[in-house]
Structure formats: structure tokens, C-alpha cells
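What follows is a short report on a single structure.
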Amino acid sequence: MIKYIGSKRALLDPITAAVRGVLPDGGQVCDLFSGSARVGHALKGAGFQVWSNDHNAYAHALATAYVAADRDRWLAESEKVLADLAAVAPSPGWFTKAFCEDARYFTPENGARIEAMRNRIEAMGLEPELKAVALVALMEAADRVDSTAGLQMAYMKSWAPRALKPLELRMPVLQPAVASGPCRATQADALETAAAFDGDLVYLDPPYNQHSYLGNYHVWESLTLWDRPETYGVANKRIDVKTRKSAFNSRPGIGPALQAVIEAIRAPNLIVSFNDEGYLSRDQLVEMLSARGHVQVVEIPRPRYVGARIGIHNRKGEKVGAVGRLRNVEYLFVVTERPVALAA
């Protein structure tokens with residue numbers, strides 16, 4: 001899957017174990033801030049009926065492919081579509097100029113291939129789940145040849161070695177259908193989805209500090225929407241990065257925003273994933289969540305994201321300042337009516 005700050009790739013086992021601890025016989029789980037869709041993908045693979053939600057278009061595409069699309073239904077058709085895309089001749093245009101010439105996220109050669117494939121996807125008139133699989137395959141192929149430190153806030157002064165490799169499509173790893181019923185993916189406000197979901201457990205992994213996911217992954221948003229937006233700055237961000245703000249990225253805003261979502265949740269069980277670099281402390285979260293039931297906290301020490309380990313660079317590619325701490329702590333807050341047995 002794509003490189004993603006805050007990704008729970010390394011935490012899938014403890015998250016899945018916590019969900020199993022709460023729902024040992026399976027059930028319906030909603031992921032309100034699905035992001036890279038890793039958690040929903042893992043839970044679907046574990047047999048849970050999953051509803052993934054996110055307000056960004058690229059995240060909705062990821063969840064549609066990795067959660068809503070069933071392998072047995074879409075694999076054969078997806079293979080045909082990817083073969084069709086692989087045969088398309090390169091065709092530079094808006095995307096190539098914006099992200100390969102004016103900015104340097106991809107080489108112009110790979111940019112022209114990305115652009116041609118994306119145009120072809122739009123012209124094929126695919127069903128939503130099949131289109132999402134094609135978009136995700138293209139997004140992941142582009143991610144494997146990008147020239148960044150993992151965020152689209154900036155790009156390398158010189159081409160990263162992987163950027164010089166040719167773009168290659170691969171089939172996303174789709175999960176088989178779940179016996180208890182279809183999984184789904186929505187692109188909606190978290191409050192709206194929280195109020196609509198009446199299943200067994202809600203998993204919350206909200207933004208927790210000033211870093212905007214739209215700002216960090218604006219190239220994927222433009223690739224998914226294919227709307228050729230006005231851009232600004234050295235990073236050529238979408239102009240709506242300036243206006244599509246989230247209260248979760250604000251120190252004074254995150255508390256009330258999270259409280260509102262928690263109060264809107266109808267499901268009896270809740271698991272919240274948070275980080276010790278977030279605007280809310282462990283004690284604040286325990287106090288907030290205690291109104292809903294018994295709170296158990298799992299602590300998981302982790303290395304910080306790659307950008308933090310590389311350090312801060314200026315526009316000339318020169319390192320400035322010092323690297324801060326290299327590890328942080330991920331928390332899982334498990335909220336249930338009564339204590340449950342959780343794996344160590």
C-alpha cells in the first residue's frame with residue numbers, strides 16, 4: 001500500500017487482536033477515519049464485516065478497493081483492466097507539468113505514463129469498485145517511483161533512486177467476501193457516519209496534530225479526482241488545501257471535535273488509536289472515553305515516521321536543525337461495558 005504517515009501497518013496485529021478481544025465471535029466494525037485502509041483491509045481479512053469511511057477522495061478509493069471490493073467478484077475483471085492500462089502510450093499533460101516539471105515528484109517519463117493511464121481509466125466508464133481497483137493500482141505504482149521522503153509537502157532535490165525506475169502496475173491484494181455480509185466504503189463526515197452505524201464496534205484513528213492528510217497527500221487527491229485544480233507554492237498543492245480544514249488539526253479544535261464524534265457513536269464498543277505526539281494526552285483521552293464505559297489502554301512503542309528520522313531540509317536540499325526524538329508511543333484505548341481479555 002502507499003507510504004502513509006500514521007499508517008497502522010506495523011500495528012495491525014495488536015489492533016486486530018483488540019477487536020477480536022471485544023468481538024470474539026465476529027461482528028460489524030466501522031473505521032471512521034480509514035486513511036490508507038490498512039486496518040479495514042486487515043479486519044475484512046479476519047472475517048469482520050467492515051464499513052470504512054473517510055472524507056478525502058483518495059482514501060475513499062483505497063477503502064473501496066481494499067474493503068468494499070470482493071476478490072472473487074472483481075479479480076478477473078481487474079486483471080483485464082490493468083493489462084489494458086499497461087499498454088497505453090505515454091501522454092504528458094496537466095499532471096506531468098504540475099508534478100514532474102513545475103514540481104519534481106516523478107520523472108517526466110513516469111508522469112506521462114501516469115497521465116495516460118489515468119485518462120484511460122476515466123474514459124473506460126468502469127463500475128465504481130472496478131474503477132477504484134484501477135485507481136489504487138495506479139496510485140501505488142506512482143508511490144513506488146516517487147521522489148519524496150514519504151510526504152507530498154516537498155520533494156527531493158535530486159531524484160530518489162526509486163524514481164528512476166519505470167512505472168509498473170501491480171494488482172492490489174483484494175480480500176475475499178465476508179460470510180456475514182458485504183463490506184462498504186463511504187466518503188462522508190465522521191459525525192454523519194458515526195450516527196448512521198448501528199453495528200458492534202467503532203474504530204477511531206483520527207488526525208491528532210497539525211499535519212493535514214489532504215496537504216500531505218494532495219497529489220493522490222488530484223490523481224483520484226482528476227479535476228486539474230489550481231495549485232500553489234513550491235509543492236504545487238491543490239488550492240483547496242487552504243480551505244478544506246479539519247478541527248482535528250487544531251490544538252483548540254481537536255477536543256470538541258473528538259468529543260462530538262464519540263457522543264454520536266451508537267455502537268456499544270469503541271477502540272481509539274492515538275499517538276503520544278498528539279494534541280490530547282493519555283489522561284485527557286481516558287477521561288473523555290470513561291463516560292462511555294470501561295477503558296483499557298494498550299501502549300505500543302514505535303519508531304517515528306521516516307521523515308522525522310531523515311530530518312528537516314530546506315528548499316535547496318540542505319539539512320537544517322536537528323533530528324528530534326526517534327521513537328513515540330501508540331495507544332489503543334479499548335472502551336467496553338466491562339473489561340475484556342486483551343492479548344499481551
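The values are calculated or read from the model by the stated rules, or taken from the named source; none is laboratory data. Being a predicted model, the structure only gives us computed values, none of them experimental. All Cβ positions, glycine included, derive from the backbone under ideal geometry; neighbour counts span all protein chains shown. Accessible surface is based on the protein model in full, side chains and every heavy atom, while ligands, DNA and RNA are left aside. Shrake-Rupley method; radii C 1.70, N 1.55, O 1.52, S 1.80 Å.
Quick look at the numbers
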{"read-out": "Anchor LYS44: lysines whose Cα lies under 27 Å away (excluding residues fewer than 8 positions away in-chain)", "value": "LYS3, LYS8, LYS80, LYS131"}
{"read-out": "Solvent-accessible surface ranking, highest first, for THR243, THR96 at 1.4 angstrom", "value": "THR243, THR96"}
{"read-out": "For the range 145-238, the fraction of alpha-carbon pairs in successive 10 Å shells from zero, as %", "value": "11, 28, 34, 21, 6, 0"}
{"read-out": "Under-5 Å amide H pairs with ARG184, H placed in peptide plane, nonlocal only", "value": "VAL50, TRP51, SER52"}
{"read-out": "Karplus 3J(HN,Hα) series, Hz, for the range 24-34 with 6.51 cos²θ - 1.76 cosθ + 1.60 (x for Gly, Pro)", "value": "x, 9, x, x, 9, 10, 10, 9, 6, 10, 6"}
{"read-out": "Prolate/oblate/rounded label for the range 27-123 (Cα gyration tensor, a/c 1.5)", "value": "oblate"}
{"read-out": "Values of log10 I(q)/I(0), in the order q = 0.15, 0.18, 0.20 Å⁻¹, for the range 117-171 under a Debye, Cα-only, solvent-free model", "value": "-0.51, -0.67, -0.77"}
{"read-out": "Within straight-line cross-link reach of LYS165, aspartates and glutamates at Cα separation under 15 Å, skipping those fewer than 8 residues along the same chain", "value": "GLU109, GLU140, ASP143, ASP146"}
{"read-out": "Reduced Cα scattering model of the range 249-304, Debye log10 I(q)/I(0), q = 0.16, 0.19, 0.22 Å⁻¹", "value": "-0.53, -0.74, -0.97"}
{"read-out": "LYS237 long-range amide H proximity, modeled H, under 5 Å", "value": "TYR232"}
{"read-out": "Rounded tilt (10° steps) of 12-22 against the dominant C-alpha axis of the chain", "value": "30"}
{"read-out": "Separation of the ASP72 and SER281 label points, Cα + 7 Å toward Cβ, nm", "value": "5.2"}
{"read-out": "Carbon and sulfur %, accessible surface of the range 227-282 computed with the full protein complex present, 1.4 Å", "value": "51"}
{"read-out": "Mean Cβ neighbour count within 10 Å, used as a protection proxy, ranking 171-181, 23-33, 260-270 highest first", "value": "23-33, 260-270, 171-181"}
{"read-out": "Hydrodynamic radius (Kirkwood) for the chain, which is based on Cα pairs only, to one decimal in Å", "value": "20.9"}
{"read-out": "Mean Cα-pair separation over length for the chain, i.e. relative contact order, pairs under 8 Å, 6 or more apart, %", "value": "20"}
{"read-out": "Those aspartates and glutamates that a straight Cα-Cα span of less than 20 Å connects to LYS242, excepting residues fewer than 8 apart in one chain", "value": "ASP54, ASP102, ASP189, GLU221, ASP227, GLU230"}
{"read-out": "Leading residue at positive end of dipole, the range 112-243 (Cβ point charges), from GLY215, THR243, TYR232", "value": "TYR232"}
{"read-out": "Rel. contact order, % - alpha carbon contacts under 8 angstrom, at least six apart, the range 107-202", "value": "25"}
{"read-out": "Sequence-distant residues sharing a close amide H with ASN275 (under 5 Å, placed H)", "value": "TYR331"}
{"read-out": "Residue-normalised accessible area of the range 153-200, given per residue in Å² at a 1.4 Å probe", "value": "60"}
